[in-house]
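Participant: If you scroll down you'll find the structure; I have some questions about it.
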Amino acid sequence: MSVSGIERVDPKVEYQTLREELLQSRRYVFERPLLIVALAVAAMSDRASALLPALPPLMSGLLLFNFWFTVNRLLSSSRIVAYIQLALEEGSCGPWRGWETSLRHYRMWHKKDLAKKQRMVDEEIDHDAVPDALMYYPPIFQLHVSLIVLAAIGSIAASVVRPGRISIACLAVTVILVLAFARYCLNWRPSKVRTLIERNRVIRGHVLRSMQQAPEGGGPPNEGMHPAAAKGAAAGDAY
């Protein structure tokens, strides 16, 4: 099927594409932090190097980035899983309109009344259906925490063994990165990440249903809805 000479994606093709993206997002989740450690150990082989104090902040920065990247992929995966379940497998929220169109409405839909929508999602989430599909995340979480603690200890040791301006500066950078890492970890602790799929299922259900009230390719999802329906639809959150 084509529109204006452009081939339109078939739901079966979209399903396979999204499934492949899910598989790709789980690749190298353990290998990346271990590679960071391997590089750090290799760099430590030259213990006489004046750059040795720079290793802990470098390692901390790489771990922080990799942890952020891992969480970002989990967020993306949870949105994809919720979409697959509701739009492609169950088809319970109206006619199929495609991933990109749905994603556009997803972004627009929960930009308003965020606090209210978060409370509504908390009320509607089915905790009995929370899956164990993300159970690989706790070991990843713990691995990153352990490695960042080692980096902090290494930076302190370097500043004691080789006191000087470079060591102190590297220690200060390491402390800043560790604090940033700790704050991010608190926001994405395993108990919170575990419910991502079900939370996104609640959000995606409201988005897909509200899309049926908007013209195809049109404006905000709640536009033109009856006030009672709009109130019931405002149940998304930022995840």
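The values are calculated or read from the model by the stated rules, or taken from the named source; none is laboratory data. For clarity, every value in this text was computed on a predicted model and none was experimentally measured. Neighbour counts run over all protein chains shown; Cβ positions are idealised from the backbone, glycine included.
Participant: Among the residues of segment 131-150, is there at least one that is in contact with a Ser or Thr (Cβ under 7 Å, 6 or more places away or on another chain), assigned to a loop (DSSP other than H, G, I, E, B) and among the aliphatic types (A, V, I, L, M)? I'd like the intermediate steps shown before the answer.
Facilitator: Pass one, segment 131-150, residues in contact with a Ser or Thr (Cβ under 7 Å, 6 or more places away or on another chain): 140, 148.
Within this subset, residues satisfying the condition of being assigned to a loop (DSSP other than H, G, I, E, B) are none.
No, segment 131-150 contains no residue that is in contact with a Ser or Thr (Cβ under 7 Å, 6 or more places away or on another chain), assigned to a loop (DSSP other than H, G, I, E, B) and among the aliphatic types (A, V, I, L, M).
Participant: Residues of segment 180-204 being free of Cβ contacts under 8 Å to residues at least 60 places away in the same chain and assigned to a helix (DSSP H, G or I), which ones?
Facilitator: Taking segment 180-204 first, the residues free of Cβ contacts under 8 Å to residues at least 60 places away in the same chain are 182-183, 186-187, 189-192.
Residues satisfying the conditions are 182, 183, 186, 187, 190, 191, 192.
Participant: In contact with a Pro (Cβ under 7 Å, 6 or more places away or on another chain) and assigned to a helix (DSSP H, G or I): does that describe residue 177?
Facilitator: Details: in contact with a Pro (Cβ under 7 Å, 6 or more places away or on another chain): yes; assigned to a helix (DSSP H, G or I): yes.
Yes; evaluated as a whole, the condition is true for this residue.
Participant: Can you name every residue in segment 90-122 that is part of a helix (DSSP H, G or I) and over 22 Å from the mean Cα position of the chain (by Cα)? Give the steps one after another, and end with the answer.
Facilitator: First, the residues of segment 90-122 that are part of a helix (DSSP H, G or I): 90, 99-109, 114-122.
The answer is 90, and nothing else.
Participant: Being surrounded by 12 or more Cβ atoms within 10 Å (Cβ to Cβ) and aliphatic (A, V, I, L, M) is the filter here, so list the residues in segment 23-38 that pass it.
Facilitator: 29, 34, 35, 36, 37
Participant: Sticking with this structure for a sec: Looking at 162, 209, which is the one that is at pLDDT below 85, under 30 Å from residue 51 (Cβ atoms) and not acidic (Asp, Glu)?
Facilitator: Values: 209 fails: under 30 Å from residue 51 (Cβ atoms).
The conditions single out 162.
Participant: Being among the polar types (S, T, N, Q) and either surrounded by 16 or more Cβ atoms within 10 Å (Cβ to Cβ) or under 17 Å from residue 43 (Cα atoms) (or both) is the requirement here; does residue 146 meet it? Even if it seems obvious, please write down each step before you answer.
Facilitator: Working: among the polar types (S, T, N, Q): yes; either surrounded by 16 or more Cβ atoms within 10 Å (Cβ to Cβ) or under 17 Å from residue 43 (Cα atoms) (or both): no.
For residue 146, the condition - among the polar types (S, T, N, Q) and either surrounded by 16 or more Cβ atoms within 10 Å (Cβ to Cβ) or under 17 Å from residue 43 (Cα atoms) (or both) - is not met.
Participant: Next question. On the basis of being closer than 28 Å to residue 183 by Cα, in contact with a helix residue (DSSP H, G or I) (Cβ under 7 Å, 6 or more places away or on another chain) and of a type in the set (Ser, Thr, Tyr), does residue 106 make the cut? Don't jump to the end; show me each part of the working.
Facilitator: Numbers: closer than 28 Å to residue 183 by Cα: yes; in contact with a helix residue (DSSP H, G or I) (Cβ under 7 Å, 6 or more places away or on another chain): yes; of a type in the set (Ser, Thr, Tyr): yes.
Criteria met by residue 106.
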